[in-house]
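What follows is a set of notes on a single structure, which appears directly below.
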Amino acid sequence: MASQSMEIMAKALEQQVLQSARMVEEQLDKELGKLERMDDDEMEKLKERRMEALKKSQKQKQEWLSKGHGEYKEIPSEKDFFPEVKESNRVVCHFYRDSTFRCKILDKHLGILAKKHLETKFIKLNVDKAPFLTERLRIKVIPTLALVKDGKTKDYVVGFTDLGNTDEFSTEVLEWRLGCSDVINYSGNLMEPPTLTQKSGSKFTKVEKKTIRGRGHDSDSGSEDD
């Protein structure tokens, strides 16, 4: 009986795969048909539009790089925070402390993501050098990531709660969490975290897209310092 059920499931899966393949093939045929029906003038206009889009993309990339995107850097003091977030539309700021081991874990992942997501600026700030800003943003747990859009702090990643409650979360999980707040261009599924690379004991807190931490967030007070 079990083998019969497995056979039925295998056939159903095969049909789904074949149906998906046919849909992709039909879409490709449509696109190829459009290209075949184009005359020389239309083809030339298409090439020009693509070239213009490429130039625009390259110009935007160079602008980001000129503003410090593409690298994960430390800013010297809290007074440097405001100019940094003012000149970039999207910023991830890691509030850290040298004595906190988990900050070093975040450093590794943020360094990788800074190179991958040029559209976002990645910076870090030592909380011991930023007492005013730490108080103003109500940062009580170290590490905390402040997620800034259009000059305003829209969300926070506090400790590792949203990352599976484990020190061994993957870069992909952090990338997903930042994507949930729309602080990076995320191409994956925002509805579910990429847990396949996580250990079975990892637990995730459900994160709604663009979650904004309320003012009454004192329940997170404390420190994750080792």
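With the condition kept exactly as written, say whether any residue in segment 72-85 is open to solvent by less than 40 Å² (accessible area, probe 1.4 Å) and under 18 Å from the mean Cα position of the chain (by Cα).
yes
What are the residues in segment 125-139 that are open to solvent by 30 Å² or more (accessible area, probe 1.4 Å) and on the phi < 0 side of the Ramachandran plot, if any?
ASP128, LYS129, PRO131, PHE132, GLU135, ARG136 - these are the residues of segment 125-139 that are open to solvent by 30 Å² or more (accessible area, probe 1.4 Å) and on the phi < 0 side of the Ramachandran plot.
Identify the single condition in (1) open to solvent by 10 Å² or more (accessible area, probe 1.4 Å); (2) over 10 Å from the mean Cα position of the chain (by Cα) that THR171 does not satisfy, given that it satisfies every other one.
The number of the failed condition is (2).
Quick one: count up the residues across segment 86-111 that are β-branched (Val, Ile, Thr) and open to solvent by 10 Å² or more (accessible area, probe 1.4 Å).
Within segment 86-111, residues that are β-branched (Val, Ile, Thr) and open to solvent by 10 Å² or more (accessible area, probe 1.4 Å) number 1.
Only one of GLY179, GLY151, GLY222, GLY159 is modelled with pLDDT of 95 or more and at positive phi. Can you tell me which?
Unique residue meeting the criteria: GLY159.
Please go through (1) of a type in the set (Phe, Trp, Tyr); (2) assigned to a helix (DSSP H, G or I); (3) surrounded by fewer than 23 Cβ atoms within 10 Å (Cβ to Cβ) for TRP176 and return the number of the only condition it doesn't satisfy.
Among (1) of a type in the set (Phe, Trp, Tyr); (2) assigned to a helix (DSSP H, G or I); (3) surrounded by fewer than 23 Cβ atoms within 10 Å (Cβ to Cβ), the lone unmet condition for TRP176 is (3).
If LYS55 satisfies every condition in (1) over 18 Å from the mean Cα position of the chain (by Cα); (2) modelled with pLDDT of 85 or more but one, which is the exception?
Just one mismatch for LYS55, condition (2).
Taking segment 118-165 only, how many residues are over 17 Å from ASP107 (Cβ atoms) and touching a Gly at 6+ places or on another chain (Cβ under 6 Å)?
Qualifying residue count for the region: 1.
The values are calculated or read from the model by the stated rules, or taken from the named source; none is laboratory data. This one's a predicted model, so the numbers in the text were calculated from it and none came from an experiment. In this analysis, Cβ positions are derived from the backbone assuming ideal geometry, glycine residues included, and neighbour counts consider all displayed protein chains. Ligands, DNA and RNA are stripped out before the accessible areas are found, and what is left, the full protein with its side chains, is counted by its heavy atoms. Shrake-Rupley method; radii C 1.70, N 1.55, O 1.52, S 1.80 Å.
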